[in-house]
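Laboratory data are not the source of any read-out in this text; all were calculated from the coordinates shown. The structure presented is a predicted model; accordingly, all values stated were derived computationally and were not measured. For neighbour counting, all protein chains shown are included, and Cβ atoms are generated from backbone atoms with ideal geometry for every residue, glycine included.
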Amino acid sequence: MSENPSLRTPSQRIAWTATIVISTLVFIFLIAPILAIMPLSFSSGSYLTYPLPGLSLRWYDDFINSPRWINSLKNSMIIGVASTLLSMVLGTLAALGLAQWKSRLKPLALAFVLSPVVVPGVITAVGLYFFFAPIGLTGSYLGLILAHTALATPFVVITVGATLQSFDTNLARAAASLGASPLQAFRRVILPLILPGLASGALFAFATSFDEVVIVLFMAGPEQRTLPREMFSGIRENISPTITAAAVVLTTVSVILLATLEGLRRRNERLKGGV
Amino acid sequence: MTSASASASTEVPLKRRLKRAERTRQLKALALVVPLLLFLLFTFAGPIAGMLWRAVDDREVRQVLPQTIAALASWDGRDLPDEKAYAALANDILAARASGTIAIAAKRLNYAMNGFRTILTSTARNLKAAPEAGTAKEALGRINPAWRERTTWTTIKDASGPVTGFYLLSALDLTRNADGAIIAAPPDQAIYRDVFARTFLISLSVTLLCLILGFPVAYLLATLPPGKSNLLMIFVLLPFWTSLLVRTCAWIVLLQSKGIVNDGLHWLGIIDEPLRLIYNRFGVCVAMTHVLLPFMILPLYSSMKAISPAYMRAAASLGAPPLTAFLRIYLPQTLPGIGAGSLLVFILALGYYITPALVGGAADQMISYFIALYTTETANWGLASALGAVLLLATILLALVYGRLVQGQHVTGGMKN
């Protein structure tokens, strides 16, 4: 309890202890459910409770050998990667433009660009369902990729925009004054400096698409079902341990994304600290 | 000397050239943003505008019964319409039967008046041929006495389009009576105010739970030295990054009647019968709080991080007891963070669909559930869109307040961290 420097009176110490106790309980509340279902996927029995009758990989076997699950994982990857690439192009260009654009309309444009994050998923999904059905984009990969790109791009604009804010524009001017063409200046000077920001944006975009289920629910045909979509029907029908195996797969992807992001952040802080 | 002045006069003044260069720069910047704007117009704004249009679009009846609608245009709605309207209706019904479109009008009119589908289909079935001139009124009345009722005709006239307030009124449990006045909808159709109230109540409960649970955690994270708080931050970020489906699934596994929590409590001897912890309001609130808690903790944390410890030390040195210092000095400075976090959680909670659909009972479904239901199951797209329009309006208003709040914080440095 020596962490808090301003603990002078007993009542302060009690308040601090209470903060620690409550926070610990909240941390348990946040983490325990996620940790609790992981071991169940290694159970040899088919009941989702403890104690486990024994350990086995049969549910992972089930996951890998079921075309339904494996296909959904493949679909999640295809749609996730494609919408990440598309949102990176659109989002990075827009962030570069917004950083230089000075206009009274800029807050409005920014609000518009960020609005897909705020608008409830069902509204976007219903709108897309009506809009894409007549032009044959429901039940297609392209429709889902376009929709997920719309949802993911705001995160790219935010992360890349934040990186550009700390970017010294004099460096681009210096490059230009030394004879670099705009494209050269971008590739040789700007890009390496904003690369960590781009990587974070890509991670956010991928995570957004990878976790999205409402739009998939409305728009995907049986061919395009993603992993969260398959979990949704699985949970509705009956929760088999195969779903916990799928949950472990999804969580592993999340942890990898989070760890990469944290690594990027640390690297960035180190670089900043170095200057 | 003369040559220098001559060249200066032919050159554009520097100021104007700079202005022009700046304008070109701005145009280039705009050109970078335009692709995204166009893309979002196609994949986001356009579809939503289309949905809003469907909330007021009312052309089905007009397309199926064009002559009737034309004949009713001059009808004052006080008595039954004249023979001309009856003849037009008979013609329209015959034509619609031939083209198979009668069900389109029947579906729309049935929304406005229960049983209208039967009136229309039975008339279509029994009307053998166009009635002779002057006998249409009598012939239709004989097939179905409903055609002798004024309300049958006002229903058609109300649905004559091309736009209507019918769906939007329905979404607010309102309707129009035969005289066009807005009245309360019949009780069996008046469910949406309840649903909106429920959506609001669940969102508010979840927001308060998040605030109560999130405040101490944010305070702890903001007060601890960075090394430790970064480590503990993982407890907040890992759930934040874990799939919504995984977390919802986890709560079902934990809380179901043969789940871990009930088993644990039984094993400890606390309960004999399993408690009903899920597929009810409790389960919905617990699971939604779990999902949304990070959205509360993160803004609270950044607003607390920005509060200099010097303020609290100053308060203490001026003789304020710790509680007073906390309430008068610390808490007011966290208010923007509390506001931003609460609004964010509330806005996100309002539109929730997946979690209540999976862990809620029938009485815990929020507005999004009904929007989805009317879109995919019953295909009452007008009502789905009208409910969506109300939800969207609420979201936009709250988002505008949120924008103001966050912007204000930016000025005071609250979001610097």
Amide H contacts under 5 Å for A:Ser43, restricted to residues at least 5 apart in sequence or on another chain and with H modeled in the peptide plane, are A:Ser56
Longest to shortest principal axis, alpha-carbon extents of segment A:202-275, angstrom | 56, 27, 15
Using the Karplus curve 6.51 cos²θ - 1.76 cosθ + 1.60 with θ = phi - 60°, work out ³J(HN,Hα) for each residue of segment B:304-309 in order, rounded to whole Hz, and write x for Gly and Pro.
-> 6, 4, 7, 7, 6, x
Would you kindly derive the ³J(HN,Hα) couplings of segment B:113-129 from the backbone phi angles with the Karplus curve 6.51 cos²θ - 1.76 cosθ + 1.60 (θ = phi - 60°), listing them in order in whole Hz, with x for Gly and Pro?
-> 9, 4, x, 5, 4, 5, 4, 5, 5, 5, 5, 4, 5, 8, 7, 6, 8
Counting other Cβ atoms within 10 Å of each Cβ, which trypsin sites (Lys or Arg not before Pro) in segment B:93-170 have at most 14 and sit in a DSSP loop?
-> B:Lys128
Are there trypsin sites (Lys or Arg not before Pro) in segment A:1-95 that DSSP marks as loop and that have at most 11 other Cβ atoms within 10 Å, and which are they?
-> A:Arg8
At what distance in nm do the modelled label points of A:Arg188 and B:Glu132 sit from each other, each positioned 7 Å from its Cα along Cα→Cβ?
-> 9.7 nm
Summed over the other residues with a beta carbon less than 12 angstrom from that of A:Arg229, with K and R at +1 and D and E at -1, the charge totals -1
Where Lys and Arg each count +1 and Asp and Glu each count -1, what net charge lies around A:Ala152 among other residues with Cβ under 12 Å from its Cβ?
-> -2
Amide H of B:Leu174: which non-local residues (sequence gap of 5 or more, or other chain) have their own amide H closer than 5 Å, using H built in the peptide plane?
-> B:Ala185
Sorted from largest down, what three extents in whole angstroms do the Cα atoms of the protein assembly as shown have along their principal axes?
-> 106, 96, 62
At a Förster distance of 51 Å, what's the computed FRET efficiency of B:Glu83 paired with B:Leu397, Cβ-Cβ distance as r, to 0.05?
-> 0.50
Counting alpha carbon pairs within less than 8 Å and at least 6 residues apart, what relative contact order, in whole percent, applies to segment A:3-116?
-> 10 percent
Report the Stokes-Einstein translational diffusion coefficient (µm² s⁻¹, integer) for segment B:116-163, Rh taken as the Kirkwood radius over Cα pairs, at 20 °C with viscosity 1.002 mPa s.
-> 185 µm²/s
Could you work out the helix-only [θ] at 222 nm for the protein assembly as shown, with each DSSP H run of four or more residues adding -39,500 (n - 2.57) and the total divided by the number of residues, to the nearest 500 deg cm²/dmol?
-> -23500 deg cm²/dmol
Okay, which of segment A:71-96 sit inside 13 Å, backbone N to the point 7 Å along the Cα-Cβ direction of A:Arg267?
-> none
Which whole-number percentage describes the relative contact order of chain B, with Cα contacts under 8 Å and a sequence gap of 6 or more?
-> 16 percent
Gained length - A:Val89 relative to A:Arg13, 0.36 nm times residue gap less alpha-carbon distance = 22.1 nm
Once both label points are put 7 Å beyond Cα along the C-beta direction, the B:Asp188-A:Leu55 separation in nm becomes 6.0 nm
Roughly how crowded by other chains is peptide B:25-31, in terms of the mean Cβ count from those chains within 10 Å of each of its Cβ atoms?
-> 5
Pseudo-spin-label distance B:Ser229 to A:Gln165, built 7 Å along Cα→Cβ, given in nm, is 1.8 nm
Using modelled amide H (1.01 Å from N, peptide plane; none on Pro or chain starts), what sits under 5 Å from the amide H of B:Ile271, excluding residues fewer than 5 places away?
-> B:His266
Computed E for B:Glu273/B:Ala95 - FRET, C-beta separation, R0 45 angstrom, nearest 0.05 = 0.10
What longest region of chain B stays clear of GluC sites (Glu not before Pro) that DSSP places outside H, G, I, E and B and that have at most 13 other Cβ atoms within 10 Å?
-> B:133-417
Inverting the mean 1/r over all pairs of different Cα atoms, compute the Kirkwood radius of segment B:53-208 and quote it in Å.
-> 16.8 Å
Chain B: Cα Rg divided by the 2.2 N^0.38 Å rule of thumb | 1.46
Rounded if a/c is under 1.5, else prolate if a/b is larger than b/c, else oblate: which is segment A:114-171, with a ≥ b ≥ c the root eigenvalues of its Cα gyration tensor?
-> prolate
